[in-house]
Structure formats: C-alpha cells, structure tokens
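The values are calculated or read from the model by the stated rules, or taken from the named source; none is laboratory data. As the structure is a prediction and not an experimental result, all values here were calculated from the model. When we count neighbours, we look across all protein chains shown, and the Cβ atoms used for this are built from the backbone with ideal geometry, even at glycine.
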C-alpha cells in the first residue's frame with residue numbers, strides 16, 4: 001500500500017466556515033471523531049448529528065465515531081479537571097492505545113485520507129496527535145498532516 005495520509009483537526013477556535021473550508025481543501029474521505037463525548041460540545045456544528053449532516057452535505061465526507069481512540073474518562077478528567085501533567089497524560093494514553101491494540105483492530109485503509117477530529121485547537125497537547133503518531137510508529141507508512 002502507498003503511504004497512508006492521516007489528517008488531524010480540532011474545532012475549537014474555528015468557525016464553521018474555516019473548519020469546513022480546511023476539510024474541503026484536502027482530499028479527505030472521512031472524518032473519524034475520536035472524542036469521548038461527541039454530543040455536548042459548545043460549538044453547535046461539532047455535535048455528532050449536526051457534524052455528520054454538514055460533512056455529508058457540504059463536503060461529501062463520511063463521518064465515523066470511534067470512541068476506542070478516545071481517552072478514558074479517568075485519564076481525561078485527571079488531565080483537564082485536575083490540571084494534570086501532559087507527560088503523564090501522554091504516557092497513560094499511549095499505554096491505553098497499546099492495551100486496546102488499535103493497530104490491529106482497525107485497518108490502515110480506514111485511516112487513509114481520513115481526518116482525526118478532536119476539540120483542541122492545536123495538536124501539540126491533544127490525543128489526536130498521539131493517535132496519529134502511534135499508528136505511524138506501528139504501521140510505518142503514515143504521513144501526518146495537521147490542519
């Protein structure tokens with residue numbers, strides 16, 4: 001298989017025009033929502049049903065929710081609510097990916113020209129970057145593009 005291209009995007013600090021414009025500017029086949037909770041976000045266009053509709057109607061992009069690629073509530077709460085340390089979060093999350101065996105449970109084809117979605121504005125302190133890098137490490141033939 002040729003190199004797999006995995007895109008990532010966060011919706012925070014982006015209006016709908018910017019968000020959907022970024023997706024339309026790239027050859028994305030599907031958005032893979034990797035949020036633990038995809039129905040109670042503050043940005044209206046990012047709620048599961050609305051997002052799925054807008055992606056299909058505006059961009060002809062499929063929508064999939066894979067909570068298996070989200071942190072557990074405990075890991076997320078420790079980092080967000082208790083202002084935990086990023087390096088601890090990163091270690092715990094990467095171990096979760098190992099424990100969940102995501103590199104064998106999902107096919108590389110599912111991720112080719114897919115865009116991992118989470119809420120964080122930048123990828124540096126977001127699990128979407130960790131998921132993409134984990135798959136890159138395990139599969140070896142992955143190019144990551146952060147939008």
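What the table below lists for this structure:
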item: Set 131, 98, 142: member being under 22 Å from residue 39 (Cα atoms) and modelled with pLDDT of 95 or more; result: 131
item: Unmet criterion (only one of (1) free of Cβ contacts under 8 Å to residues at least 40 places away in the same chain; (2) under 18 Å from residue 106 (Cβ atoms)) for residue 3; result: (1)
item: Residue match in the stretch 29-42 (condition: touching a residue at least 12 places away in the same chain (Cβ under 8 Å) and part of a helix (DSSP H, G or I)); result: no
